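Provided herewith is a single structure, encoded as structure tokens, for subsequent inquiry.
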Amino acid sequence: MSEKQPPKDLDEVILSDDQGNEEVFKILFTFESDDYGKSYVFLYPKASEDSDEIEIQAFSFSPDENGDVDAGELNPIDDPEEWDMVQEVLNTFTSDDDE
């Protein structure tokens, strides 16, 4: 797995809900899994970046031609084993952050 930090000018994406409401999300980090042959991104709402607790969302994605996250290509993670792997990566990231 490789972990990438987003370029400073590409650290946000805008997501729309079912009602068309848009919300800006910050990209925490991205990584690739050789086991699943996919790229993944962790996002959190920009409005909550100063909060003590942040709700982090994870998606698989198809990188654009520059290898960056394109909000139109975000996919939910449905496979339980794949989700466990993604959670393990996040847990490792957050435990490294605590040290």
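Looking at the structure I just gave you, is E88 over 12 Å from the mean Cα position of the chain (by Cα) and part of a helix (DSSP H, G or I)? Let's see the steps before the verdict.
Details: over 12 Å from the mean Cα position of the chain (by Cα): yes; part of a helix (DSSP H, G or I): yes.
Taking the combined requirement at face value, the residue satisfies it.
Another question, if that's okay. Taking F61 as the residue in question, decide whether it is under 13 Å from V13 (Cβ atoms) and modelled with pLDDT of 95 or more.
no
When you scan the range 33-80, how many residues do you find that are in contact with a Leu (Cβ under 7 Å, 6 or more places away or on another chain) and in a loop (DSSP other than H, G, I, E, B)?
Final tally of qualifying residues: 2.
The values are calculated or read from the model by the stated rules, or taken from the named source; none is laboratory data. Note that the structure is predicted; figures quoted are calculated from it, not measured. Please note: Cβ atoms are built from the backbone with ideal geometry, for glycine as well, and neighbour counts cover all protein chains shown.
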